[in-house]
1. For the residue pair residue 334 and residue 294, what label-to-label distance in nm results when each label sits 7 Å from Cα along the Cα-to-beta-carbon direction?
2. Take the residue pairs 321/349; 315/344; 315/349 and return only those whose Cα atoms are more than 31 Å apart.
3. Could you tell me whether region 280-402 comes out rounded, prolate or oblate from its Cα gyration tensor? Rule is a ≥ b ≥ c as square roots of the eigenvalues, rounded for a/c under 1.5, then prolate if a/b exceeds b/c, otherwise oblate.
4. How about region 188-244: which trypsin sites (Lys or Arg not before Pro) there lie in a loop by DSSP and see at most 14 other Cβ atoms within 10 Å?
5. Just need the relative contact order of region 293-404 here, percent rounded to a whole number, with Cα pairs under 8 Å and 6+ apart.
6. Starting from the 7 Å offset along Cα-to-Cβ, what nm value, one decimal, do you get for the label separation of residue 325 and residue 121?
7. Calculate one ³J(HN,Hα) per residue across region 226-242 by plugging θ = phi - 60° into the Karplus curve 6.51 cos²θ - 1.76 cosθ + 1.60, and present them in order as whole Hz with x for glycine and proline.
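Here, each number is a calculation from the coordinates, and none is a lab measurement. What you see is a predicted model, and the numbers here were worked out from it, not measured in a lab. Ideal geometry is used to build each Cβ from the backbone, glycine not excepted, and the neighbour counts take in all protein chains shown.
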Amino acid sequence: MNPLTEVGANLGAYERSIVRAAAELDVMSLMRDRADIEARAAGFLSPDQHRNLALDLFQRMPTGSELLMQEMQRADALAREAAGLHGRSISELAVEAASLHQRWEEAFRLPSAMETARLYQEQVDALQGQSMLFHDKPGQIMAAMTSMTRPWLNDPMLDHSVLGMMEMQTIGAVLRHSDPFGADIGDLLRPALGDWREVVMPTVDVLMDPVARTALYYDKGYSPDLTAFPRGAFVEGMHHAGLDLDSSEDLDDDEADADETLEASFARNRSTFDQLQRFEVALRRFIDERMTEAFGPDWCITQAPEGTSDNWRQKQATDAKATGAIKPLIEFADFTDYRAIIEKKQNWKTVFAPVFNRSTDIQESFQRLYPVRIATMHARMITQDDEMLLTVETRRILRAIRKA
């Protein structure tokens, strides 16, 4: 059982999000820039911003930092004064959550290779005919599981731990050895990542809340077993699956090194922002190159969805006034524009169908990416569920692009 359930029932949504941060993230690794936090704490903030700052401080808090604890307590006092919060302080919740996080990690152990092989086979036998996900490369999946060096098995959740690790390794095997948008790949991934073909997407405010965002994932059928591991085991498992939490290896050398300024920007941001930025740069370049080949250099005007090019021109004019440079129109495309360009009937038939095969599959990929992109671009907490969806779908799209 997820340890959040032990304390979450008596806490409000704000407090639950804080406890979830400790249960799902390594809080020791989140502190990057104390000066930035101090500057934000010193300014005038709205009540909602005070609440967000308090949560942000908690997420970044390294134990043993007296100064940061003082800043966190100050933010907590500001939040309570501005927003009327009652009950336990952020500091008290931080201590409880840190203890909860430690108990969560201590509940896991590293099984022997022989035990892992037995547990794997038992799951395969139990799932025979029930799931399409485990048909591919079973020898590789078991080899990856037996090579784990970090504790990943939780005895009270034994079946869930084994199933989650199997799902993770199988997803990696499917993406490595198959056409990433082959005819049956969407059906293979859906039992683990959820069915996103028909989604009424919540508002941006809802998607910025990690608790509400996670609830959306589970509602769509996403498997919580995929990420129910301590941080070290999750990272190692993703590595064995070929899903390292850094997408740079999926970019060609000229894409990764073409713009040194952009690379410097990547280096200043957290890994999820870095991964998403690299992905969008590669996708934007691919779209521009293929659309130019098919429709000529003016495709941004002739082939963009209705109203899109006008919006890009307005952004281009504003940017030109500020910088004195006129950038290509495609540079002003938003994330939602990429999907609209790809799905436009003539563009799809001429350019993108040979790459992505079925429009419903690429639509589903963008649907899975949208919530985590909202959270990332608004500097909100990123969970392991977010990382899983982001890594799988960016890798999937990038590999389809490289194969084209």
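1. The answer from the label model is 2.3 nm.
2. Flagged as over cut-off: 321/349.
3. On the way: a/c = 2.13, a/b = 1.18, b/c = 1.80.
Oblate, since a/c reaches 1.5 and b/c is not below a/b.
4. Loop-located and lightly packed - 197.
5. Once normalised by length, the contact order is 19 percent.
6. So the label points at residue 325 and residue 121 sit 6.1 nm apart.
7. 4, 10, 7, 9, x, 4, x, 5, 4, 5, 5, x, 5, 5, 4, 7, x
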